[in-house]
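Here the structure is laid out as structure tokens; the discussion comes afterwards.
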Amino acid sequence: MSWGHVELEPEVEKWFLGLTHSHRGTVAFYVDLLADHGVHLGEPYTRQLSGKVVGGVRRAGTHRRRGVTR
């Protein structure tokens, strides 16, 4: 069951479409995890932002060969 759906801002969509086919697949995997689990997706896929109490703001990131993309 899906928690919700993910909308991409235009600059994120442009970035996504600029990725290689392989990297797009990796990012799509993580986006699907986020859509399936929503705010309940925990570490290592998301991390609580320090100092952010209101709304439980979290940061999502993916691991790529040359580091982490957030």
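Only the coordinates and a few stated rules stand behind these numbers; no lab work does. This one's a predicted model, so the numbers in the text were calculated from it and none came from an experiment. Here the Cβ is made from the backbone with ideal geometry for all residues, glycine too, and neighbour counts use every protein chain on show.
The ranking of His23, His40 by Cβ neighbour count inside 10 Å, starting from the fewest, reads His40, His23.
Close amide H partners of Trp3, meaning residues 5 or more places away or on another chain with modelled amide H under 5 Å apart, are Asp36, His37, Gly38.
The length gained on full extension between Ala35 and Ser22, counted as 0.36 nm times the residue separation minus their Cα-Cα distance, comes to 2.7 nm.
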